[in-house]
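Written below as structure tokens is the structure these notes are about.
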Amino acid sequence: MATPTRDRRAEILDAAADLFAARGFHGVSIEDIGAAVGITGPALYRHFRGKEALLSEILLDISARLHGQGAATAELPPPEALTALLTGHIAFALSHPALIRVHERELHNVPEAARRQIRRLQRLYLEEWVHVLSDLHPAVPQARLRSAVHAVLGLINSTPRSAGELSREEMAGLLHRMALAALTVSGD
């Protein structure tokens, strides 16, 4: 069960992600974030060292969650693992467009040490995909598979700009079919 402190931290992180996505890292003050969760800006310092720490934790958390989700597919048969990877990433993209925007626009504002951790987690996540595709297409060079995964993640992560006209279910289905087709072509 989450503690009140954990709930407050999560609430602050969610509010900060939404604000950073809407106005950019430099367009948001500590006071803005505090006001969004009903506390004073200085009260945020009880939870985080500052805006950079907030941004770092937002991006580290999502990178760790995606990597964990990818690693959880390791014991599945390759076709099921690929389905789980696609379904999981599509669900993430459709549920968290603000996090995608923040990562895309603000990673350069994260301190170097945290940025290296984020990039490492992202590489590990990508390699989970490459491993599954290597099992499905053993004759295809890993560099080609890695490029295909980058392209597919880019496609899925474009949803903050493309979702809206279709229902969530229609968009998820469309993304799944397009991503699967792109990954199948990578094996030819």
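The values are calculated or read from the model by the stated rules, or taken from the named source; none is laboratory data. A quick note: this is a predicted structure, and the numbers were derived from the prediction, not measured. Here Cβ is always computed from backbone atoms with ideal geometry, including for glycine, and neighbour counts include all displayed protein chains. Areas reflect the complete protein model, heavy atoms only, side chains present, ligands, DNA and RNA absent. Shrake-Rupley method; radii C 1.70, N 1.55, O 1.52, S 1.80 Å.
Quick notes on this structure:
- Kyte-Doolittle at least 0.5, axis length at least 20 Å by Cα - qualifying DSSP helices, the chain: 78-95, 142-156, 168-185
- Considering only alpha-carbon pairs that sit under 8 angstrom and 6 or more positions apart, the relative contact order computed for segment 84-188 is 42 percent.
- Among 139-146, 62-69, the peptide with the highest mean count of other Cβ atoms within 10 Å heads the list, and the full ranking is 62-69, 139-146.
- Shape call, segment 29-104: gyration tensor on alpha carbons, a/c limit 1.5: prolate
- Euclidean distance between Cα centres, segment 41-68 to segment 151-167, Å: 25
- Ordering of 32-39, 131-138, 75-82 by packing [mean C-beta count within 10 Å, highest first]: 131-138, 32-39, 75-82
- Looking at the chain, the accessible area is 52 square angstrom per residue; that uses a 1.4 Å probe and ignores ligands, DNA and RNA.
- Relative contact order (percent, whole number), the chain, Cα cutoff 8 Å, 6+ residue spacing: 23
- Carbon + sulfur, % of accessible area of the chain - ligands and nucleic acids excluded, 1.4 Å: 56
- Diffusion coefficient of the chain by Stokes-Einstein, Kirkwood radius over Cα pairs, 25 °C, 0.890 mPa s: 138 µm²/s.
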